Amino acid sequence: MSSIIHQIILIGSMGAGKSTVGRRLAARLSVPCVDLDAVIVEHAGCSIPKIFEGQGEAAFRALESEYLKTLCEDGNHKVLATGGGAVLSEANRHVMQQSGFVIWLDAKPEVLAKRISGDRNRPLLKGVPPLQRARELDAQRRPLYKACSDLRIDTAKYRVPQTIRTILEAIKI
């Protein structure tokens with residue numbers, strides 16, 4: 001990875017491809033891929049749906065902020081795949097912008113809804129049709145993704161290999 005950019009931070013809605021792109025990009029760069037949601041699950045000792053059910057979304061967001069800050073500030077080379085709601089906190093957006101190259105993986109709500117339909121590990125989908133939720137989240141979060149990203153890639157337009165090539169070109173590797 002470039003000596004100037006020590007970490008790449010992937011943001012975007014659920015279903016945009018952060019985990020998939022993150023793993024493949026990290027392998028290409030020979031750095032670890034860290035999935036923020038997986039870190040939260042490991043430290044909490046239970047799944048994200050269980051955190052939402054038992055403690056509520058606010059408790060999950062507090063854990064998300066805590067571990068995001070720790071990971072962003074540790075100085076290690078990595079690709080960090082965040083959760084879709086990590087941008088909701090102004091402090092989170094600031095720490096991401098200060099800590100790495102922030103890439104927004106984007107897709108239209110219709111595309112995201114198809115990708116996330118049937119996924120039972122997404123508590124924000126509970127009781128709401130995927131397309132409706134994808135549209136609601138897009139309306140809320142799109143301006144935040146745009147405000148804190150260094151690069152936007154439409155993952156509906158590009159497959160994973162093309163997305164990775166676009167990222168590598170952007171970071172000059």
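We did not get these values from a lab; they are worked out from the coordinates using the rules stated. Everything numeric here is computed off the predicted structure, so don't read it as measured data. Because the Cβ atoms are built from the backbone with ideal geometry, glycine has one as well, and the counts that use them run over all protein chains shown.
Which net charge results for the neighbourhood of Lys108, defined as the other residues with beta-carbon distances under 9 angstrom from its beta-carbon, given Lys and Arg at +1 and Asp and Glu at -1?
Net charge in that neighbourhood comes out at -4.
Just how large is the dipole of region 1-109 about the Cα centre, in debye to the nearest 20, putting +1 at every Lys and Arg Cβ and -1 at every Asp and Glu Cβ?
420 debye
Return the long-range amide H neighbours of Arg152 (sequence gap of 5 or more, or a different chain), with a cut-off of under 5 Å between placed amide H atoms.
The list, which skips near neighbours in sequence, is Trp104.
Using only Cα atoms, figure out Rg for the chain and give it as a multiple of 2.2 N^0.38 Å.
Output field value: 0.97.
Work out, step by step, the length gained on full extension between Asn76 and Ala59: first 0.36 nm times the residue separation, then minus their alpha carbon distance; give nm to one decimal.
Once the chain is fully extended between Asn76 and Ala59, it gains 3.5 nm.
Ser30 to His94: extension gain in nm, 0.36 nm per residue of separation minus the Cα-Cα distance?
So the chain would gain 20.4 nm between Ser30 and His94.
So for the pair His6, Ser47, with labels modelled 7 Å out along Cα→Cβ, what separation do we get in nm?
3.6 nm
Can you run phi through the Karplus equation (6.51, -1.76, 1.60; θ = phi - 60°) for region 65-81 and list ³J(HN,Hα) in whole Hz, with x for Gly and Pro?
Each residue of region 65-81 in turn: 5, 4, 6, 4, 4, 4, 5, 5, 9, 6, x, 7, 5, 5, 10, 10, 9 Hz.
Run down the lysines and flag those whose C-alpha is under 27 Å from the C-alpha of Lys157, throwing out any fewer than 8 positions away in its chain.
The qualifying lysines are Lys18, Lys78, Lys108, Lys114, Lys146, Lys172.
Putting +1 on Lys and Arg Cβ atoms and -1 on Asp and Glu Cβ atoms, find which of Met14, Val41, Asn92 reaches farthest to the positive end of the dipole of the chain.
Final value for the positive-end residue is Met14.
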